[in-house]
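Participant: Have a look at this one.
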Amino acid sequence: MTSSMVLEKPIENPTGTGSDPSSLPKRKLIVARAAGYCFGVRRAIEMAQSTRERFEGRVTTLGKLIHNPQEIARLQEKGIEASDRLTTIKGGAIVLSAHGVPPSIPREAREQGLRVVDTTCPFVTKVHRAAVKLFQEGYQILLVGDAGHTEIIGIIGAVEEVGGKVTRISLPEEVESLVLGKKVGIISQTTQTAALYGAIVAEVSKRVREVKAINTICGATDELQSAAVDMAQRCDVAIVVGGKMSANTRRLRDLCEKQGISAYHIETPDEIREDWLFGKETVGITAGASTPDWLIEDTARRLYGGNLPEDWNLTHPDA
């Protein structure tokens, strides 16, 4: 998406009584200029579907391919199974998460005779390589990220594979309690905010003479966040669409709230409550990197109150 989509429609029955539609106030709906699937997620979905179409045996994802339950359910309807444990996958092809996995996983999968389809986002792969290089150069590694996130587990696993160690950190206040060496390298989960990463780098730099900060936040993440802020500054309320387990979606909601408006994180349009919209003339929609276009469109349709205009085009809007 290259620019915001703006739609206007009269607010029906704003006072609970009948009104002349021509005199009703209009509710403006703004969809952020960047919302939904990033390159890595779209690539992972396409690879999984292509594997299902061309491979005759079982196709199973290890864990969640992406952090969106509705899209995962759609893939399962197409015959792409899911398993949380490698040992339970008996034959066929295994599709690895876009968030990446420790190097031991594909190796063990091949030893089990499975065909491995690695959908790890290329930007995540770059983080793995950067982390390993920092260790090889003698740096103590700090990783800015969320505890237990699939991407974090994969990055830590990549460093441990070569005998290294990673310290995960999520807040600048945590720096004070760390035992830091003379050389510290700092990398980030690709979906963190630049502000948080910068704050942690600043705190470490106060205490360590040699700091090598490699900003590994994905450009698509920056664009999603920038677009969400821009949208929120033009709205009275924001609807943020994405899986409840999606860290980048939660961050979009937080960024919208920091602009001084109410922001609500939903997985499906059915969760939208009318009281969220009462008295709001401009409603914004943004979505996390794992949110498919069809869910964004369903949300827009729900907020618009009916069928969208024929010229609606989420990927290349005219507005």
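Laboratory data are not the source of any read-out in this text; all were calculated from the coordinates shown. Just so you know, these numbers come straight off a predicted model, no measurement behind them. All Cβ positions, glycine included, derive from the backbone under ideal geometry; neighbour counts span all protein chains shown.
Participant: Name the most mobile residue of V124, V59, V162, meaning the one with the largest mean-square fluctuation, in a Gaussian network model of the chain with Cα contacts below 10 Å.
Facilitator: V162
Participant: Once amide H atoms are built 1.01 Å from N in the peptide plane, which residues 5 or more positions from V144, or in another chain, come under 5 Å H to H?
Facilitator: I169, I187, S188, Q189
Participant: Given labels modelled 7 Å from the Cα in the Cβ direction, how far is it in nm from K244 to Q112?
Facilitator: 2.8 nm
Participant: Scan around E267 for amide H atoms under 5 Å from its own, H built in the peptide plane at 1.01 Å from N, and keep only partners 5 or more places away or cross-chain.
Facilitator: Close amide H contacts, sequence-distant or interchain: G242.
Participant: Whole-Hz ³J(HN,Hα) for each residue in segment 239-244, computed from phi via Karplus 6.51 cos²θ - 1.76 cosθ + 1.60 with θ = phi - 60°, x for glycine and proline: what do you get?
Facilitator: Going residue by residue, I get 10, 10, 9, x, x, 5 Hz, with x marking Gly and Pro.
Participant: Between their Cα atoms, which of K28/K64; K133/K244; K165/K212; K126/K258; K183/K258; K126/K212 are more than 24 Å away from each other? Walk me through the numbers on the way to the answer.
Facilitator: Numbers: K28/K64 35 Å; K133/K244 34 Å; K165/K212 16 Å; K126/K258 31 Å; K183/K258 35 Å; K126/K212 16 Å.
From the list (K28/K64; K133/K244; K165/K212; K126/K258; K183/K258; K126/K212), the Cα-Cα distance tops 24 Å for K28/K64; K133/K244; K126/K258; K183/K258.
Participant: Next up: What FRET efficiency would be calculated for the residue pair E81, E210, taking the C-beta separation as r and a Förster radius of 51 Å, to the nearest 0.05? Could the numbers behind the result be given before it?
Facilitator: On the way: r = 48 Å, r/R0 = 0.94.
The computed FRET efficiency comes out at 0.60.
Participant: Considering amide H positions built from the backbone, and no H for Pro or chain starts, which residues 5 or more places from A82, or on another chain, come under 5 Å of its amide H?
Facilitator: T61
Participant: Would you mind calculating the relative contact order of the chain from Cα pairs under 8 angstrom and at least 6 residues apart, reporting the percent as a whole number?
Facilitator: Values: 621 pairs, mean separation 67.3, N = 319.
Contact order relative to length: 21 percent.
Participant: From the phi of every residue in segment 279-288, what ³J(HN,Hα) in whole Hz does the Karplus formula 6.51 cos²θ - 1.76 cosθ + 1.60 yield, where θ is phi - 60° and glycine or proline is x?
Facilitator: x, 9, 9, 10, 10, x, 10, 9, 8, x
Participant: Counting helices only, and only those DSSP H runs with n ≥ 4, report the 222 nm mean residue ellipticity of the chain as the sum of -39,500 (n - 2.57) divided by its residues, in deg cm²/dmol to the nearest 500.
Facilitator: Working: 10 runs with 113 residues, N = 319.
The per-residue figure over the chain is -11000 deg cm²/dmol.
Participant: What order, most packed first, do the peptides 127-138, 264-275, 236-247 have when packing is the mean number of other Cβ atoms within 10 Å of each residue? List each step's numbers first, then the result.
Facilitator: Values: 127-138: 18.0, 264-275: 13.9, 236-247: 22.8.
Most protected by this proxy first, the peptides run 236-247, 127-138, 264-275.
Participant: Suppose every Lys and Arg Cβ carries +1 and every Asp and Glu Cβ carries -1, with no other charges. What dipole size does the chain come out with about its Cα centre, to the nearest 20 debye? Provide the component values of the computation, followed by the final result.
Facilitator: Working: 39 positive and 41 negative charges, 229 e Å.
Taking the Cα centre of the chain as origin, the dipole is about 1100 debye.
Participant: In percent, what relative contact order does segment 40-119 have, based on Cα pairs under 8 Å that are 6 or more apart in sequence?
Facilitator: On the way: 120 pairs, mean separation 28.1, N = 80.
Reported as a whole number, the value is 35 percent.
Participant: Right, something else. Looking at the chain as a GNM with Cα springs under 10 Å, which of G181, G164, G288 has the largest mean-square fluctuation?
Facilitator: G181
Participant: How far apart, in nm, are the 7 Å Cα→Cβ label points at E174 and S226?
Facilitator: Here the modelled spin labels are 2.8 nm apart.
Participant: Let me ask something additional. Of the listed values (i) 23.4; (ii) 18.6; (iii) 16.0, grab the one calculated as mean projected area of the Cα convex hull in nm² from the structure here.
Facilitator: So the structure-derived entry is (ii).
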